[in-house]
Amino acid sequence: MSVERPGSDAPCPCGSGATYGSCCGPIHDGEPAPTAVRLMRSRFSAFALELAGHLLRTWHPDTRPPRVDFEPGFSWKRLQIVDTVKGGDSDDAGIVEFRAIYSGPDGRGLIHERSSFVRVDGWWLYIEGTVLDE
Ligand SMILES: [Zn+2]
């Protein structure tokens with residue numbers, strides 16, 4: 001059911017242009033994300049790779065769902081960062097606005113969302129997002 005993880009020299013699924021081993025891979029393996037954007041990228045890659053554990057681990061306990069299910073027939077193609085507010089390595093909160101491009105049973109689509117993150121004990125966590133119209 002799950003998607004095979006790329007090798008460390010393969011392009012990162014988040015589309016950053018970096019290798020998986022220097023981008024989202026270490027964060028999936030349990031290293032803290034240095035910034036809110038890096039956590040957002042790792043979460044997008046986790047959707048692409050169907051890493052439910054990473055998504056749950058990086059979700060704030062106040063808003064975390066009991067489980068994450070992946071809809072069959074969807075593949076996540078690309079993440080476009082539209083805007084960021086704070087979320088840097090000396091901040092404890094941040095906003096990331098993004099477009100996530102997917103291919104589904106009805107063709108290509110995208111989700112445009114503005115998401116909020118907080119950092120608790122050095123770990124960036126996703127709180128919630130507002131979906132925006134295109
Ligand atoms: Zn990445």
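The values are calculated or read from the model by the stated rules, or taken from the named source; none is laboratory data. Here the structure is a predicted model, which is why all the values come from computation and not from measurement. Here the Cβ positions follow ideal geometry from the backbone for every residue, glycine too, while neighbour counts run over all protein chains shown. For the accessible areas, the whole protein counts, side chains as well, though only heavy atoms, and no ligand, DNA or RNA atoms are used. Shrake-Rupley method; radii C 1.70, N 1.55, O 1.52, S 1.80 Å.
Tabulated results
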read-out	value
Helices (runs of 4 or more DSSP H) wholly inside region 1-64 containing at least 2 residues that are more than 19 Å from I111 (Cβ to Cβ), more than 14 Å from the ligand (Cβ to nearest atom) and of a type outside the set (D, E)	52-57
When residues of region 70-89 are limited to those that are modelled with pLDDT of 95 or more and in a loop (DSSP other than H, G, I, E, B), the one surrounded by the fewest Cβ atoms within 10 Å (Cβ to Cβ)	G88
In region 123-134, the residues that are open to solvent by less than 40 Å² (accessible area, probe 1.4 Å) and not hydrophobic (A, V, I, L, M, F, W, C)	Y126, G129
